[in-house]
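K.L.:
I am attaching a structure below and will ask some questions about it afterwards.
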Amino acid sequence: MRDLPLRTVTGLGFGAVVLLASFTPWQVFGPILVVAGAIAGWELFGLRRAGLAALGQLVVLVLGLAALWWLRVLTDVIGKPPGFSVPLVLAVILPTWAADVAAYLVGSAIGKRKLAPRLSPGKTWEGTIAGFIAAGLTAILIASVDVLPSGVAFAILVGPVALGGDLLESWVKRRAGVKDSGTLLPGHGGMLDRIDSLLAVSILGFALYAPGCCMAALG
């Protein structure tokens, strides 16, 4: 955990920007996503020698960014579902962050059993389980406070899906022979390193939340 202070400062700064962006109107949120996607896409272009793995990551990048944008549009254009008080994008962002923080802290402190040593040497079973629990509890809390449809299903799936997004990017980096996708965020790597889990979770969140929220808001 020697890099914890650096990771903390960078993470807090990045988190503040993301939270502020989440509350902007969808017309502003869209261009912000375009900028983030362009940075991540450029990083991914640098990993193109990963071949099909990089292509798979590109698909997740495009779909994930589109899902985030549509979740923001649902909040602004269709309207919040009854009882829902915050932008829908936070319903996918906050559980993803909870998983990431819990997995890092627990894995660094007590993690011993490696989850996927060849693919992602830093991940442990202890950290992964802690991340699943933290993500699930955060999702349940948000769903219960804001009466989100499909909240239980999302809470069960969010941890594994976040891990899947992370491992996909790890696979791309291993095939490309690099440690990080970039150097934009000290202690975290590149933009793609920071949003890999969120992209996958956003797709899940859109698939589960959007239909029910549309029906609740319109009906």
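The values are calculated or read from the model by the stated rules, or taken from the named source; none is laboratory data. Computed from a predicted structure; not experimentally measured. Methodologically, a virtual Cβ is constructed for each residue, glycine included, from the backbone with ideal geometry; neighbour enumeration extends over all protein chains shown.
K.L.:
So in region 30-78, with the set limited to residues that are within 17 Å of Ile203 (Cβ to Cβ) and among the aromatic types (Phe, Trp, Tyr), which one is surrounded by the fewest Cβ atoms within 10 Å (Cβ to Cβ)?
P.N.:
The extreme case among them is Trp70.
K.L.:
Still on this structure, I have one more. Answer with yes or no whether Gly122 is among the small types (Gly, Ala, Ser), without any contact (Cβ under 8 Å) to a residue 40 or more places away in the chain, outside any helix (DSSP H, G or I) and over 26 Å from Val35 (Cβ atoms).
P.N.:
Criteria met by Gly122.
Yes/no matrix, rows are residues, columns are (1) closer than 23 Å to Lys173 by Cβ; (2) in a helix (DSSP H, G or I); (3) without any contact (Cβ under 8 Å) to a residue 12 or more places away in the chain; (4) of a type in the set (D, E, K, R):
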residue	(1), (2), (3), (4)
Thr96	yes, yes, no, no
Ala102	yes, yes, no, no
Gly107	yes, yes, no, no
Lys112	no, no, no, yes
Phe154	no, yes, no, no
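Okay, residues lined up against (1) out of contact with any His (no Cβ under 6 Å at 6 or more places or on another chain); (2) acidic (Asp, Glu); (3) in contact (Cβ under 8 Å) with a residue 12 or more places away in the chain; (4) under 29 Å from Leu6 (Cβ atoms):
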| residue | (1), (2), (3), (4) |
| --- | --- |
| Ser144 | yes, no, no, no |
| Val172 | yes, no, yes, yes |
| Ser181 | yes, no, yes, yes |
| Pro186 | yes, no, yes, yes |
| Gly190 | yes, no, yes, yes |
| Ile203 | yes, no, yes, no |
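K.L.:
Right, something else. Given the condition farther than 19 Å from Gly177 by Cβ, out of contact with any Phe, Trp or Tyr (no Cβ under 6 Å at 6 or more places or on another chain), in a helix (DSSP H, G or I) and not hydroxyl-bearing (Ser, Thr, Tyr), answer yes or no: does some residue in region 44-55 qualify?
P.N.:
no
K.L.:
Of the residues Lys173, Lys179, Lys114, which single one is of a type in the set (Lys, Arg) and crowded, with 22+ Cβ neighbours inside 10 Å?
P.N.:
After ruling out the rest, the residue left standing is Lys173.
K.L.:
Identify the single condition in (1) assigned to a helix (DSSP H, G or I); (2) surrounded by fewer than 18 Cβ atoms within 10 Å (Cβ to Cβ); (3) of a type in the set (Val, Ile, Thr) that Thr24 does not satisfy, given that it satisfies every other one.
P.N.:
(1)
K.L.:
Looking at region 148-189 only, could you name the residues that are among the small types (Gly, Ala, Ser), modelled with pLDDT under 90, over 23 Å from Trp125 (Cα atoms) and in contact with a Gly (Cβ under 9 Å, 6 or more places away or on another chain)?
P.N.:
Ser150, Ser181, Gly182
Okay, residues lined up against (1) within 18 Å of Arg194 (Cβ to Cβ); (2) of a type in the set (A, V, I, L, M); (3) assigned to a helix (DSSP H, G or I); (4) over 17 Å from the mean Cα position of the chain (by Cα):
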{"position": "Leu115", "(1), (2), (3), (4)": "no, yes, no, yes"}
{"position": "Glu126", "(1), (2), (3), (4)": "no, no, yes, yes"}
{"position": "Phe132", "(1), (2), (3), (4)": "no, no, yes, no"}
{"position": "Leu137", "(1), (2), (3), (4)": "no, yes, yes, no"}
{"position": "Pro149", "(1), (2), (3), (4)": "no, no, no, yes"}
{"position": "Leu157", "(1), (2), (3), (4)": "no, yes, yes, no"}
{"position": "Asp166", "(1), (2), (3), (4)": "yes, no, yes, no"}
{"position": "Glu169", "(1), (2), (3), (4)": "yes, no, yes, no"}
{"position": "Arg175", "(1), (2), (3), (4)": "no, no, yes, yes"}
